[in-house]
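Report on one structure; see the data block that follows.
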Amino acid sequence: MSGILDGKRLLVTGVITEQSLGFGVAKYAQEQGADVVLTGFGRLSLVERIAKKLPKPAPVVELDATDPEQLAGLADKVREHVDGIDGVLHAIAFAPPGALGGNFLNTTWEDVAKAVEVSTFSYKSLAVAALPLMENGGSIVGLDFDAQQAWPVYDWMGVAKAGLEAVNRYLARDLGPKGIRVNLISAGPQRTMAAKSIPGFEAFEQAWTKRAPLGWSLTDSEPVAKACAALLSDLFPATSGEIIHVDGGFHAVGVERTEDVSTGQ
Ligand code: NAP
């Protein structure tokens, strides 16, 4: 059977559990014919264990996306497994506890700087580190949480995501002439490690299940994986600098549903 990613070589970051959105993308991409190389941050043996749960065990290379030395060495490490790449998934975010949870007015610059360094600036850093592997062009995809409005508890991570949306546009501007498309998937809430570290995250879960016109699963990341795979494939050859919502339609409507979407009543 042919898949939409047949022959594509992909670099996927951000896998730490089977719930990680990066894991869902790696799994679906392999099912669609891609060769996948994972990056792991710090706890490499854990990432290697999760990598074995993919349909085809994937090699793991170490990457702290804030470490200039590791970024500079990334291309050589990836070349030990594939001779180049056609696509990259950025699935990296972190904010210190003081930057989340409703303390927006008192967060220190140090905490804000860390959140932006890991969650925003790393998108540019990863793209630049991967460039030597993408001589024939390709596709870079990042994972966003809608930053057009202020949310409860999301605080400075919301600011970091607003920055990510801007970085996406500037990367699209600068990498387009190299034949590289750069796009974000704006995902609805999923119960991953990163999400569980946000105190009060249940507020999003309740809002989404009540408001998303299509309904929304907090534990099924396949819709996000499919959209990422489509952007990493050849199916969007003229799309860059875009933000595609995979959120059950939540962003398009202002109030809760009055009917139960599962029954249509
Ligand atoms: P996750 O499974 O916890 O993945 C986050 C990953 O980022 C982890 O693998 C983490 O590694 C890694 N990371 C943190 N600092 C790093 C660094 N300096 N260098 C390299 N990697 C680093 O959570 P996730 O929800 O799948 O998050 C993936 C992306 O999806 C994030 O950008 C997140 O904001 C976005 N997103 C998530 C949701 C949601 O509701 N879950 C919704 C929309 C968008 P360690 O765990 O080892 O620290």
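What follows is calculated from the coordinates using simple rules that are stated; it is not laboratory data. All values reported here derive from a predicted model rather than from experimental measurement. Glycine also receives a Cβ, built like all others from the backbone with ideal geometry; neighbour counts cover every protein chain displayed.
Please identify, among TRP109, TRP216, TRP208, the residue showing maximal mean-square fluctuation in a Gaussian network model of the chain using a 10 angstrom Cα cutoff. Highest fluctuation among the options: TRP109.
Quick one: ASP6, ASP144, ASP35, fewest Cβ neighbours within 10 Å first, how do they rank?
In increasing order of surrounding Cβ atoms, one gets ASP6, ASP35, ASP144.
Evaluating 6.51 cos²θ - 1.76 cosθ + 1.60 at θ = phi - 60° for every residue in the range 65-72, the Karplus couplings come out as 6, 10, 9, x, 5, 5, 5, 5 Hz, glycine and proline recorded as x. Short-range pairs are left out: with C-alpha atoms under 8 Å and at least six residues apart, the relative contact order of the range 9-249 is 21 percent. Name the residue farthest towards the positive end of the dipole of the range 9-249 from the options ALA162, PRO57, PRO177, assuming +1 on Cβ of Lys and Arg, -1 on Cβ of Asp and Glu, about the Cα centre. So the residue we want is PRO57.
For the range 185-226, what's the relative contact order in percent, using C-alpha pairs closer than 8 Å and at least 6 residues apart?
48 percent
Shown in residue order for the range 138-153 are the 3J(HN,Hα) couplings computed by the Karplus curve 6.51 cos²θ - 1.76 cosθ + 1.60 at θ = phi - 60°: x, 9, 10, 10, x, 10, 10, 10, 2, 10, 7, 9, 7, 10, x, 6 Hz (x for Gly and Pro).
Cα centroids of the range 1-33 and the range 127-147: 15 Å apart. Here's the picture: charge each Lys and Arg Cβ at +1 and each Asp and Glu Cβ at -1 in the range 9-249, and of ILE85, LEU133, LEU21 the one pushed furthest to the positive end of that dipole is LEU21.
Dipole size of the range 9-249 about its Cα centre, with +1 on Lys/Arg Cβ and -1 on Asp/Glu Cβ: approximately 340 debye, rounded to the nearest 20. Counting every other Cβ atom within 10 Å of each residue's Cβ, PHE121, PHE250, PHE23 order from fewest to most as PHE121, PHE250, PHE23. Taking θ as phi - 60° and the Karplus parameters 6.51, -1.76 and 1.60, the scalar couplings of the range 21-37 work out to 4, x, 5, x, 5, 4, 5, 5, 5, 4, 4, 9, x, 7, 8, 10, 10 Hz in sequence order, x denoting glycine and proline. Annotation for the range 1-79: GluC sites (Glu not before Pro) lying in DSSP loop with at most 15 further Cβ atoms inside 10 Å of their Cβ are GLU18. Hull volume per residue, based on the alpha-carbon atoms of the chain and their convex hull, is 130 Å³. Only helices enter the 222 nm calculation for the chain: every DSSP H run of n ≥ 4 contributes -39,500 (n - 2.57), and dividing by all residues gives -10500 deg cm²/dmol, rounded to 500. Farthest toward the positive end of the dipole of the chain, out of PRO237, ALA34, ALA187, is the Cα of ALA34, where the dipole comes from beta carbon charges about the Cα centre. Residues SER139, SER125, ranked from the fewest to the most other C-beta atoms within 10 Å, line up as SER125, SER139. Largest first, the three principal axis extents of the alpha carbons in the range 56-120 are 48, 27, 18 Å in whole numbers. Within straight-line reach of LYS124, meaning a Cα separation under 21 Å, sit the following lysines at least 8 residues removed in sequence or on another chain: LYS77, LYS114, LYS161, LYS178. Put the Cα centre of the range 86-112 next to the Cα centre of the range 192-261 and the gap is 20 Å. Extension gain, ASP64 to GLU18: 0.36 nm times the residue separation minus the Cα-Cα distance gives 14.6 nm. With a cut-off of 11 Å on the backbone N, the residues of the range 239-260 near the modelled label site 7 Å out from LYS210 along Cα-Cβ are 255-258.
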